[in-house]
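The structure under discussion appears below in the form of structure tokens.
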Amino acid sequence: MVGGECRRRQAGSRPLTITCRRPTIGHQLPGPIPRTLLPGRSPLYFRAMASIIVVDDEDSVRDLMARILTRAGHDVRSTADGATAAQLHRQRRADLVVTDLFMPEQDGLETMQMLRDVDGGTRILAVSGGAGGRMLDALADAALLGADDVLPKPFTPEELTGAVAKLLAS
């Protein structure tokens, strides 16, 4: 790679990660471009990391989802409210937004509408543990109002990464 650089990193049984910086051509390109080598494949086959925004008002849940998705090789930004999520999305388009439905300032349905107004092509995964007994109704409403998939809380890391992979592949 002329004018650029690549670094290899592998930890234990995790897949080999190669981080490359593109050469600059007249202007500075934004940051490193990470790529994860798919296990069992030739080095020519790379899976590009997706840009994901996680929105949840509960710090512990938001941080856990962000950690799970970061370990899965994605570029994750997180926030506690939908208005900030829309602002982050305007600044740098996300491939996927994972949003809780019940939040104090702005609920997930309003957040989904704001994100659709910014960019109708962004995938949205709605998650909810419910507020009282309304979880199933809320998830059904989210699906009807534009969520590409829904995931009830609690969920396992495998369920989260599986739902994300499914949405990114579609």
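The condition of being surrounded by fewer than 18 Cβ atoms within 10 Å (Cβ to Cβ), at pLDDT 85 or above, assigned to a loop (DSSP other than H, G, I, E, B) and not polar (S, T, N, Q) holds for only one of GLY132, GLY40, GLY121, that being GLY121. The residue of the range 80-116 that is surrounded by the fewest Cβ atoms within 10 Å (Cβ to Cβ), among those that are at pLDDT below 95 and among the β-branched types (Val, Ile, Thr), is THR84.
Scanning the range 138-164 for residues that are part of a helix (DSSP H, G or I), modelled with pLDDT of 90 or more, out of contact with any helix residue (DSSP H, G or I) (no Cβ under 7 Å at 6 or more places or on another chain) and open to solvent by less than 60 Å² (accessible area, probe 1.4 Å) yields GLY162, ALA163. Taking the range 83-109 as the range and being of a type outside the set (A, V, I, L, M), in contact with a strand residue (DSSP E or B) (Cβ under 7 Å, 6 or more places away or on another chain) and within 20 Å of ASP137 (Cα to Cα) as the test, the residues that pass are THR99, ASP100, PHE102, GLY108.
The values are calculated or read from the model by the stated rules, or taken from the named source; none is laboratory data. Keep in mind it's a predicted model, so treat the numbers as computed, not measured. Don't worry about glycine lacking a Cβ; one is built from the backbone with ideal geometry, like all the others, and counts go over all protein chains shown. To get the accessible areas, we keep the full protein, side chains included, count just its heavy atoms, and leave off ligands, DNA and RNA. Shrake-Rupley method; radii C 1.70, N 1.55, O 1.52, S 1.80 Å.
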